[in-house]
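Each remark here refers to the structure printed beneath this line.
The values are calculated or read from the model by the stated rules, or taken from the named source; none is laboratory data. Note that the structure is a prediction, hence the values are computed from the model and not measured. Please note: Cβ atoms are built from the backbone with ideal geometry, for glycine as well, and neighbour counts cover all protein chains shown.
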Amino acid sequence: MAIFPTQYSTLSAVALKDFLSEKYGLDAINCKLLIHNVSDTYLLETARDKYIFKTTEMRTVSLKRSRPR
């Protein structure tokens, strides 16, 4: 049986936590999907800060601290 093409997929929060931790030098302890929509929104938490990660397009990412220090 051939693999049926995917129209929409959701990133693994666990894999995303590991990827963002390595890419941005963060010691993330948790990542969870907040909003499942055209652009999914994730909450990434470290012991000290919380970050919002939003997927907008393939290969386009943004990471913003959700509150000032």
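Give the range 6-26 a look and list any residue that's more than 12 Å from residue 51 (Cα to Cα) and at pLDDT 90 or above, or say none. Spell out how you get there, then give the answer.
Step one: filter the range 6-26 for residues more than 12 Å from residue 51 (Cα to Cα), giving 6-16, 18-19, 22-23, 25.
Hits for the range 6-26 are 12, 13, 14, 15, 16, 18, 19, 22, 23, 25.
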Here's a check for you: in the range 1-57, which residue that is in contact with a strand residue (DSSP E or B) (Cβ under 8 Å, 6 or more places away or on another chain), hydrophobic (A, V, I, L, M, F, W, C) and assigned to a helix (DSSP H, G or I) is surrounded by the most Cβ atoms within 10 Å (Cβ to Cβ)?
16
